[in-house]
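J.: Can you keep this structure in mind? I'll have questions shortly.
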Amino acid sequence: MLTSTRHARILSVLSADGEATVEALADTLRVSPSTIRRDLNALDAAGLMRRVRGGASIERDPVSITQTAVQQRAEKQRIASAAAAEVRDGDVVLIDIGATCALVARELRGRKITVVTASLAVVDELREDDDLELIVLGGAVRKNYQSMVGAFALQALTQIRASVCFLGTSGVQADGSIHDSTPTEVPIKQALLDASERRIVLADGAKFPGVSVARVAGPERIGMLVTDDGADPATLAELRRAGVDITIA
């Protein structure tokens, strides 16, 4: 089993149960306890989980997608409309999880495109649309946030080359880096970036700095940020210096 696949499965188990022992993870993944200890140390160093005596733990999802959907609703809608305008007919579009990403999916109804996603909310928006092709990534379901994570989703993304991806975030830090509040989602977000030619981050003004638990990527990996007039000017200036195009919706 590849190390990246093993790490994704460990994070999936922790996301479901909150914590796990070294022995339980070794039995589940059919590897030695020493291998699991090395994996846990690496994941802890990356900020994706917390190493504890005899095993590891992870923060539970802080809020549900239902809760985030009603926050900054007008701003999210403007951002989604501006982001959808970047899509061209024939594009292969990767769409991340999150309330704003689901609104982008709604804006893309009726387009001659292919949409690939691990978001059940995006699937709900597009599953009855006969004009576009919808591809759903597999994985373990995070019911609270209507997403799929884990090794199956990561393996599927290695087979995909997309024209553009839309990435959600819980926080844009002062140095322009993109963060997430749930470590389990980080490998999927990084795989979305790896699979895409154009990378567009969606972040309303409340995401500056927002919530920062785990780093997803630096500004050098982002092509465009779509935000609103509530975004921090100093952070936007840092992003522009890094070569990121800024769209204010």
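The values are calculated or read from the model by the stated rules, or taken from the named source; none is laboratory data. Keep in mind that what you see is a predicted model, and the values were worked out from it rather than measured. Cβ sites come from the backbone with ideal geometry, for glycine too, and all protein chains shown count toward neighbours. With ligands, DNA and RNA removed, areas are computed over all heavy atoms of the protein, side chains included. Shrake-Rupley method; radii C 1.70, N 1.55, O 1.52, S 1.80 Å.
J.: If you count only protein heavy atoms with a 1.4 Å probe, what accessible area per residue comes out for the chain, rounded to a whole Å²?
T.: 44 Å²
J.: What order do you get for 190-200, 205-215 when each peptide is scored by the mean count of other beta carbon atoms within 10 Å, highest first?
T.: Working: 190-200: 20.2, 205-215: 18.4.
So the order, starting with the most tightly packed, is 190-200, 205-215.
J.: Here is a further query. Assuming R0 = 41 Å, can you tell me the calculated FRET efficiency for the pair Ser34 and Gln159, based on Cβ-Cβ distance, to the nearest 0.05?
T.: 0.80
J.: Then there's this: Tell me, what is the percent relative contact order of the chain, built from C-alpha pairs under 8 Å that lie six or more residues apart?
T.: 17 percent
J.: Near the amide H of Ala162, under 5 Å away, which other amide H atoms are found, from residues 5 or more places off or on another chain, if H is placed in the peptide plane?
T.: Those lying under 5 Å, H to H, from Ala162 are Ser196, Glu197.
J.: When the helix-only estimate is applied to the chain (DSSP H runs of n ≥ 4, each -39,500 (n - 2.57), divided by the residue count), what is the mean residue ellipticity at 222 nm, nearest 500 deg cm²/dmol?
T.: When only DSSP H runs of four or more count, the value is -11000 deg cm²/dmol.
J.: Restricting to Cα pairs below 8 Å that are 6+ residues apart, what does the relative contact order work out to for the stretch 170-212? Please round to a whole percent. Walk me through the numbers before you get to the answer.
T.: Values: 42 pairs, mean separation 27.2, N = 43.
Computed value for the stretch 170-212: 63 percent relative contact order.
J.: Indicate, rounded to the nearest 5 percent, the antiparallel portion of the DSSP beta bridges found entirely in the stretch 143-249.
T.: About 30 percent, rounded to the nearest 5.
J.: Right, another one. Looking at the square roots a ≥ b ≥ c of the eigenvalues of the Cα gyration tensor of the stretch 76-206, which shape do they give, rounded for a/c under 1.5, prolate if a/b is larger than b/c, or oblate?
T.: rounded
J.: Of the accessible area of the stretch 97-216, with the probe set at 1.4 angstrom, what percent is carbon plus sulfur? Could the numbers behind the result be given before it?
T.: On the way: 2080 of 4470 Å².
C and S fraction of accessible area: 46 percent.
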